[in-house]
Amino acid sequence: MRKRAAVLLVAAVLLSGCAVFAPSCGYGQLKRYETSFLDVFDTVTYVKGYALSEEAFRKDADAVHETLVKYHRLYDIYHTYDGIANLKTVNDRAGTEPVRVDREILDLLLFARSVSEETGGAVDVTLGAVLSLWHEAREYAAAHPGDAYVPSGEALREAARHTGFGLLEIDEEAGTVFLTDPDARLDVGALAKGFATARAAEQAPAGMLLSVGGNVAATGPKPDGTPWVVGVVDPDGGEGYTHTLEIGRTSVVTSGDYQRYFTAGGIRYHHIIDPDTGYPSRRWKAVTVIAGDSGIGDALSTALFILGREAGEKLLLLHGAEGMWVGQDGTEYFSDGFPAYIRDQ
Ligand code: AMP
Ligand code: MG
């Protein structure tokens, strides 16, 4: 009986034409679909793909959305959600008690710890006490244009005393996380979006493109075998892109001084902070990383933005990733394998 059902199913699949993306199926039956949503990671997310029907695409896009919503809530440091212990809960209980958390939080923090080690502390999610001073100054500037202020050196130095992975206890066996210093805070903005995008991409069918606030992950080339085309934004705010990249199954992530900034006294203060100084890093205008896993891409793009080129090249090699740096004078530098992704004009 079971065998018969299986035979009937195969027959149904063959008759319906295309259950798999094989050339013999004829790509013509697949249509391109696209959707977007605004409720995860404070940004706009696009999902693009090819499917036999809108219904089929919608099912896949809904699954991506559901995954991203789950990670967004767990990694949120600004809001709490009923019945969920998230990173805000961990921050709120700093210095008080360990918090039992889901595996997804342990995984992110273990990944973040390895990133901190590999980058010599350049990208460190325990910098929250320092980063929150910049966050508050940026929010204040947005609400009171013309009255912007810059956090004082003294306040930044005092906050820096409450940072470092030595203050974060991750107990995998107990499934708990504890910030031991009451003034310490986690800020996972440098890598959580990419980490969540990578998890969503892992579960998505081949040939989809996810873009979570510009954090792009493709789950493979389009069904006809052609690559997805992704633009690299002009850091000077010009129209269009400085380059277009062709990608198959990989991710592209950019960090830049043109994202999330405020201006005070005619100087632009952006959101990527050099832990050595406590101030926005001025070394590069933008960096773009191509990495198989968008969590690694996200972490590396922030790291490369802060570090010098040599240290950045070493990190890229370590992860089999490629990078492009844009200097303050607009000069572009590429790792050896990056130009192969640039579409010939
Ligand atoms: P990204 O746009 O991926 O480069 O990440 C920037 C975000 O990461 C900022 O908005 C902060 O939330 C956070 N951040 C800034 N500087 C650092 C740093 N040095 N280490 C860890 N996180 C940082
Ligand atoms: Mg990043």
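Observations on the structure shown:
- Element breakdown for the range 87-179 at a 1.4 angstrom probe: carbon and sulfur atoms account for 45% of the accessible area.
- Placing +1 on each Lys and Arg Cβ and -1 on each Asp and Glu Cβ, with no other charges, gives the range 199-310 a dipole about its Cα centre of roughly 140 debye.
- Dipole magnitude of the range 269-338 about its Cα centre (Cβ charges: Lys, Arg +1; Asp, Glu -1), debye to nearest 20: 180
- Choice from G237, G207, G95 showing the highest fluctuation, given a GNM over the chain with Cα pairs closer than 10 Å: G237
- Think of the chain as a dipole: +1 on every Lys or Arg Cβ, -1 on every Asp or Glu Cβ, centred on the Cα centre; then among L245, P223, I267, P223 lies furthest on the positive end.
- Farthest towards the positive end of the charge dipole of the chain, among the residues S36, V212, N91, is the Cα of S36, using unit charges on the Cβ of Lys, Arg, Asp and Glu.
- Accessible area per residue for the chain, computed on protein heavy atoms with a 1.4 Å probe, is 50 Å².
- Toward the positive end of the charge dipole of the range 87-179, with +1 on the Cβ of Lys and Arg and -1 on the Cβ of Asp and Glu, the farthest Cα among A137, V115, F178 is that of A137.
- Projecting label points 7 angstrom from Cα along Cα→Cβ for T43 and T277 puts them 2.4 nm apart.
- The mean sequence distance of close C-alpha pairs (under 8 Å, at least 6 residues apart), as a share of the length of the range 181-234, puts its relative contact order at 24 percent.
- Considering all C-alpha pairs of the chain, those separated by over 29 Å amount to 45%.
- Diffusion coefficient, µm² s⁻¹, Stokes-Einstein with Kirkwood Rh over alpha-carbon pairs of the range 87-179 at 10 °C and 1.306 mPa s: 108
- Using Cβ point charges alone (K and R +1, D and E -1), the dipole size of the range 58-106 about the Cα centre works out to roughly 40 debye.
- Relative contact order (percent, whole number), the chain, Cα cutoff 8 Å, 6+ residue spacing: 15
- Comparing Cα centroids, the range 59-101 and the range 279-332 end up 28 angstrom apart.
- In the chain, the longest principal axis of the Cα atoms and the axis of helix 54-75 are about 20 degrees apart.
The values are calculated or read from the model by the stated rules, or taken from the named source; none is laboratory data. Values in this document were obtained by computation on a predicted structure and should not be read as measured data. Counting neighbours? That spans all protein chains shown, and the Cβs are built from the backbone with ideal geometry, glycine included. Heavy atoms of the whole protein, side chains included, go into the accessibility calculation; ligands, DNA and RNA do not. Shrake-Rupley method; radii C 1.70, N 1.55, O 1.52, S 1.80 Å.
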